[in-house]
């Protein structure tokens, strides 16, 4: 079977949600989701799974509608930092003096949070493998988050770091999963569907 791991589209910025931030897609993100659906509609997608977070569900919806399936929600596909009260797109906050940038770096890279990252990777790998095992011979789209994609790919590539690259919005990373348990990364960060309409 083939897994298509898809990052969500561009979300709106949330500076303080007063609780866990769960932003919707920005207009550009909705356009990215539509372009993704138009690109993948002819590929024979058999199922669409999604993180429970709003930005992932809103990205999954056009694809599911285009291929005529219901979206299956899996809580274990949620992002590592799902409980933060803010969501600022990485390209806006990276390298700034905003203290939330330091907080994100701490969450994703400090020795103090290593146990949490390992637990997160275990949760993600278990969820994705569960999807693969339930879908023999199928082509399945899994709409999730950059951290989730990193966690799964770092596992199959045997990379120690959980976070090793930054997937683009609505990018597609393909993994072949055999019944014997072999996993092969076919491509990472495909964005050809966005070339004519950059965000």
Requested in this report: Scan region 110-147 for residues that are part of a helix (DSSP H, G or I), touching a residue at least 60 places away in the same chain (Cβ under 8 Å) and closer than 17 Å to residue 83 by Cα and jot them down.
Outcome: 146, 147
Query raised in the report: In the set 55, 39, which member is buried (at least 18 other Cβ atoms within 10 Å of the Cβ), part of a helix (DSSP H, G or I) and under 14 Å from the mean Cα position of the chain (by Cα)?
Result: 55
Query raised in the report: Restricted to region 95-104, and to residues that are modelled with pLDDT under 85 and not in a loop (DSSP other than H, G, I, E, B), which residue is surrounded by the most Cβ atoms within 10 Å (Cβ to Cβ)?
Result: 104
Report task. Could you pull out the residue among 79, 107 that is touching a helix residue (DSSP H, G or I) at 6+ places or on another chain (Cβ under 7 Å), under 30 Å from residue 177 (Cβ atoms), buried (at least 17 other Cβ atoms within 10 Å of the Cβ) and without any contact (Cβ under 8 Å) to a residue 40 or more places away in the chain? Result -> 107
Query raised in the report: Of all residues in region 159-188, how many are assigned to a strand (DSSP E or B), in contact with a helix residue (DSSP H, G or I) (Cβ under 9 Å, 6 or more places away or on another chain) and exposed (fewer than 14 other Cβ atoms within 10 Å of the Cβ)?
Result: 1
Query raised in the report: Residue check: is residue 6 in contact (Cβ under 8 Å) with a residue 24 or more places away in the chain, in a strand (DSSP E or B) and touching a strand residue (DSSP E or B) at 6+ places or on another chain (Cβ under 8 Å)?
Result: yes
Report task. Please list, ordered by first then second residue, the pairs with beta carbon atoms under 8 Å, 6 or more apart or interchain, first in region 156-168 and farther than 29 Å from residue 195 by Cα, second modelled with pLDDT of 95 or more. Result -> 159/153; 160/154; 161/154
Requested in this report: Tell me which of these residue 156 doesn't satisfy, since it passes every other one: (1) buried (at least 22 other Cβ atoms within 10 Å of the Cβ); (2) out of contact with any helix residue (DSSP H, G or I) (no Cβ under 6 Å at 6 or more places or on another chain).
Outcome: (1)
Requested in this report: Exactly one condition in (1) surrounded by fewer than 18 Cβ atoms within 10 Å (Cβ to Cβ); (2) in contact (Cβ under 8 Å) with a residue 40 or more places away in the chain; (3) under 22 Å from residue 139 (Cβ atoms) is not met by residue 32; state its number.
Outcome: (1)
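The values are calculated or read from the model by the stated rules, or taken from the named source; none is laboratory data. All values derive from a computational prediction rather than experimental measurement. In this analysis, Cβ positions are derived from the backbone assuming ideal geometry, glycine residues included, and neighbour counts consider all displayed protein chains.
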